[in-house]
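As structure tokens, the structure follows; a few thoughts come after it.
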Amino acid sequence: MSWLELLNNLESGAVRAATQDENGNWHANVEVKQGILEAFKNGTNTEFPGGFVDKHNLAPQGFAADAGVRMVPGGSSVRRGAHVAKGTIIMPPAYVNIGAFIDEGTMVDSHALVGSCAQVGKNVHLSAAVQLGGVLEPIGASPVVIEDDAFIGAGCVIVEGVVVKKGAVLAPGVRLSATIPVFDCVNERQLDKGEAIPENAIVIPGSRPASNAWGREQGLSMSCALIVKYRDEQSDASLLLEEVLR
């Protein structure tokens, strides 16, 4: 498949930068990521209206009304090679990078970033200033994945291939990376390194004492995340999204 065919297939959703196996685990699609890098290699810098400069073959996408995508005016951009499904709303300013996948009915709020190859499921809410990290290199590295019906609160930062499972809720300001520990206060355990945020988990920012004696003597603390409960009818009601917005 040529890089041009790949970009078209990424936009249509025919191929994705990551796939889920029968056990629910996500894996990077190495061939897709190689093709994206090939597109960069074959692009030449060119001027676009408004004083922008980028690779000539990676121009921002435009959407017709019948695509079912509502991108509100005010500075948002969806780069070539990203898939945005019908029912998606993109509030300004927001940016969706190459290789990203956004499924139906998702809200991308102001100042949100959907990084390269990040995967976002159906009916997800990405609140204001959410940052989903991108990953093109190394080739085998898995991207950030947000599964269906998750709610990501304002200012959350999710990077380094973290997976947030279906229905999970992240309170504003949660930071998740490969090195930030997550403690499940309901089941009284620490998640293994690289373990996904469980389905329907409600996660808040937390802190823990510094790891060495000197740091503890100084009263220093380190960032962590805390699962404080799992979704129930009451929490579902508070997260109900107005269909009229769509």
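Quick look at the values:
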| item | result |
| --- | --- |
| Number of the exception - residue 183 against (1) open to solvent by 20 Å² or more (accessible area, probe 1.4 Å); (2) at pLDDT 95 or above; (3) in a loop (DSSP other than H, G, I, E, B) | (3) |
| Residues located in segment 186-199, provided they are at pLDDT 95 or above, open to solvent by 60 Å² or more (accessible area, probe 1.4 Å) and not aliphatic (A, V, I, L, M) | 187, 188, 189, 190, 192, 195, 199 |
| Selection count, segment 144-154, where residues are within 17 Å of residue 200 (Cα to Cα) and either surrounded by fewer than 19 Cβ atoms within 10 Å (Cβ to Cβ) or at pLDDT below 95 (or both) | 1 |
| Cross-chain or 6+ apart pairs with Cβ under 7 Å, segment 55-66 first and without any contact (Cβ under 8 Å) to a residue 60 or more places away in the chain, then in a loop (DSSP other than H, G, I, E, B) and open to solvent by 70 Å² or more (accessible area, probe 1.4 Å) | 55/44; 56/44 |
| Top-ranked residue in segment 1-32 [being open to solvent by less than 30 Å² (accessible area, probe 1.4 Å) and part of a loop (DSSP other than H, G, I, E, B); ranked as nearest to residue 196 (Cα to Cα)] | 24 |
| Flag for residue 144 being among the aliphatic types (A, V, I, L, M) and touching a helix residue (DSSP H, G or I) at 6+ places or on another chain (Cβ under 9 Å) | no |
| Restricting segment 59-81 to residues that are hydrophobic (A, V, I, L, M, F, W, C) and assigned to a loop (DSSP other than H, G, I, E, B), the residue that is farthest from the chain's Cα centre (by Cα) | 64 |
| From the options 100, 67, residue that is within 19 Å of residue 8 (Cβ to Cβ) and exposed (fewer than 15 other Cβ atoms within 10 Å of the Cβ) | 67 |
| Residues within segment 44-58 that are part of a loop (DSSP other than H, G, I, E, B) and surrounded by fewer than 16 Cβ atoms within 10 Å (Cβ to Cβ), tallied | 5 |
| Test result for residue 235, modelled with pLDDT under 95, open to solvent by less than 30 Å² (accessible area, probe 1.4 Å) and either farther than 18 Å from residue 182 by Cα or part of a loop (DSSP other than H, G, I, E, B) (or both) | yes |
| Complete set of residues in segment 120-179 that are within 26 Å of residue 86 (Cβ to Cβ) and of a type in the set (Lys, Arg) | 122, 165, 166 |
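Here's the yes/no breakdown for (1) in contact with a strand residue (DSSP E or B) (Cβ under 7 Å, 6 or more places away or on another chain); (2) closer than 21 Å to residue 7 by Cβ; (3) open to solvent by less than 20 Å² (accessible area, probe 1.4 Å):
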residue	(1), (2), (3)
108	yes, yes, yes
119	yes, yes, yes
128	no, no, no
156	yes, no, yes
170	yes, no, yes
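Conditions tested, residue by residue: (1) free of Cβ contacts under 8 Å to residues at least 40 places away in the same chain; (2) under 28 Å from residue 163 (Cβ atoms).
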{"site": "16", "(1), (2)": "no, yes"}
{"site": "47", "(1), (2)": "yes, no"}
{"site": "73", "(1), (2)": "yes, no"}
{"site": "85", "(1), (2)": "no, yes"}
{"site": "96", "(1), (2)": "yes, yes"}
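The values are calculated or read from the model by the stated rules, or taken from the named source; none is laboratory data. Everything numeric in this text was worked out from a predicted model, so none of it was measured. For neighbour counting, all protein chains shown are included, and Cβ atoms are generated from backbone atoms with ideal geometry for every residue, glycine included. To get the accessible areas, we keep the full protein, side chains included, count just its heavy atoms, and leave off ligands, DNA and RNA. Shrake-Rupley method; radii C 1.70, N 1.55, O 1.52, S 1.80 Å.
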